[in-house]
Structures are given as C-alpha cells and as structure tokens.
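Below is one structure, written out as structure tokens; comments come after it.
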C-alpha cells in the first residue's frame, strides 16, 4: 500500500542530478551501492584516538548511521523509524510515527526542491524500514513523504539502496517470514515492480550498472546468491547460484570485474558474474574460523578484502589478497567478541581514503595501518563500555553504535 502525507504535496520535482557525495558523507549501508565499505574520507589515523562526543538514544541503534552531504547524521533508533543529529552529536529531530527499527540502515539521497511557508530550499530524502513491515521516505527536515506497507508477516530489516541516475530508483528488501520480496520504487513512492525470493531474512541487496540496466545481488539465508535485473517496469532474475551453506547477516559486496564477495557458514566466497550465470572462482571459498557473518570490505588499490568470522566467542578479522589461487591470507587478528544478538547488525569493517582499516571486536575498536611494517598490529585501540554494533566513517571521525544505546564519535587523539 502506497500513501502520501500532506508534506509530500509540497514537493516539486526531483532535482535532475543528485548532489555528489562529499568526503564527509556516508549515504547508505557500507557507504555505496556496491557495499564496499570504502570511502574517500580520512578517519582517525594517528597513534591514538579520543571520544569526541557520545549520543544517548532512546533504545539501541542496531544499524549503521548514515551521513548526509551536509554532515547531518541519521540513525534508526530502535524506538523510532528515524532520528537526525548535528555533526556535533545534538539531536535535531526524531520522527513520531512508525515502528521499531532493527538492522535497516538509512539511505540518504534523491534531493528535491521543497516549498512551503518557509520558502523554497533543497532537502534530502531518507529511506528506512521498520519492524511493522513498513518502508518509510522521510525528508531531511523530518517530514514524512510516503510509506509503503507490506501485508506479510515479518519486517523490513534490510537496508535500502538508491540506484544511479537518471532514475534514482529506490530498492527495498522485505525480510518476511515466508519469503523475501525485493521491491523497486520511483523516488515519489510509486511501486515499479517486486520479485519474490526464498528465505531472505537478513542480507541487504548490493548493485552495479551492467550495460543499460542495473543489476542487484541478494543472498538468501539458505545460501543462494541471486542476480536480479531492473528492466524499468519489471525485475527479472538473471541467474542464481547455490553456495552450499547457510548464510546470515553477510550482505554481498561487489569488487572489480563484477566479482561478488559474500560470506556464509563455509567461509568467504568470491563469485564471478558471467552475465547469464555466476560461478565460484577457483580456490574459493576462503576458509575461516567459524562462519562469516559480516559484509566483506574491499580495500583500496589492489582490492584487498577484509571480513570477520565468529566461532565460539572468538571473532577473527582477516585481510585477504583475492588475486591468487587460492586466495592468500595476508594477516588475521583475533579477540573475544560476539555475533548478532537481538536483531542488531554485527559490525563490518570500513576503509578510509588513506587505506586505514577500522574494525570492531566486541567492545574494542581498532585502527589498522596497511603501510605499517606489521599491518596486523593495531595503530590504535579504543575500548567502549559495551559491544559495538556498527561502524561508519566521516572525514576525521569514526562513528560507532554500541549495545548500550549510544552512538560514539571517535577522532584523532590525544
């Protein structure tokens, strides 16, 4: 069901070209459509860090914070669909409609010209899903533009994705109990198409332009990777590939050459998209201690891949060279940690514009310098009062949500 509020009637047409992402912005889950977890922003890269500020939410922030082009931070508070914070951590607003939010990270984009009694100005659109199985579009001033309710049991726990121009299609996955449903919307909320997929509860779609159409990749909980083409007014499954092991919480990430990296209980897979089919690259999967329950991160330059796995109370972070057969473990780092609990994300690593890697294991936050003589030795460590849930990176600041319902902003020390 598609509904528009009175606020949506104030909206004129979408701007022809979306504003380019700044170094400060982190517009969606793992920063981009490919879910690389990589940004041009330079995070805290000295030998120490300090807490710049902390924000106390009403309940857990179970998703990745997103950052708009003006530096505004958007979070899905578990008690609200959406809240907006200033770059200094002060609350601007929280919505007062909608249900609880779990893993659905906000997606920021599709700016438009808004006119009301206050005049005409450009605002952003923020998309997020809630546990009432409702998908929301809310503008950057907190006004609800439209929402879409799915009449199936479950919730919209996956993170939305905003496609490329000129269409700027918005993609949303329903993690329903009976099936997954991939939806495509126009920016104004008009449903273009939907595709049913089996057993998709946790993973979010990633996508890339393939010729004249946009292709999305989704992994199911029973370990099948699907490629779905957006054909404009319809979505079509291009191929699917069984990966032989169950998958939970590891969304696909897309590297160079249309290589899709995704984790499951058997380790980390690299799948080559051949157009009408996909195949696991020789030498893969990369074996890990326990299953990979995070979204792989793709580094700078040579495209090193970083992923973490969980096994009996121990989390292991791996740095992998994917160019060899079999892939080469460059280094690993272990520590006591946890896996996903209470429908929250497990933190995926992120990479800054200078190649620095940021990762979380339990309450410990680490910065790794890839240029160091021993890159497996952290450049710095910061201990939170509770386990981390997610990481996002802005210019000079690493944002970390934790299981004490707080968002932390970390910057270079002392």
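We did not get these values from a lab; they are worked out from the coordinates using the rules stated. Computed from a predicted model, the values in this text were never measured in an experiment. No Cβ is skipped: glycine too gets one built from the backbone with ideal geometry, and neighbour counts run over all protein chains shown.
A compact table of results
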| quantity | calculated |
| --- | --- |
| Most mobile of 369, 153, 229 in a GNM of the chain (Cα contacts under 10 Å) | 153 |
| Gain on full stretching of the segment that runs from residue 280 to residue 149 - 0.36 nm per residue minus C-alpha separation | 43.5 nm |
| Whether the stretch 122-256 is rounded, prolate or oblate, judged on the alpha carbon gyration tensor where a/c under 1.5 counts as rounded | oblate |
| R0 of 60 Å, Cβ-Cβ distance residue 222-residue 93: FRET efficiency to nearest 0.05 | 0.90 |
| Gaussian network model of the chain, Cα within-10 Å springs - most flexible of 49, 97, 218 | 97 |
| GNM result for the chain, Cα springs below 10 Å: residue of 98, 335, 313 fluctuating most strongly | 313 |
| Cα→Cβ-extended label distance, 7 Å offset, between residue 314 and residue 120, nm | 6.3 |
| Model label zone, residue 334; criterion: amide N under 16 Å from point 7 Å along Cα-to-beta-carbon; scope the stretch 310-328 | 310-319 |
| Extension gain (nm, one decimal) between residue 51 and residue 196, 0.36 nm per residue minus Cα-Cα | 47.8 nm |
| Stokes-Einstein D in µm²/s, Kirkwood radius over Cα pairs - the chain at 37 °C with 0.692 mPa s viscosity | 157 |
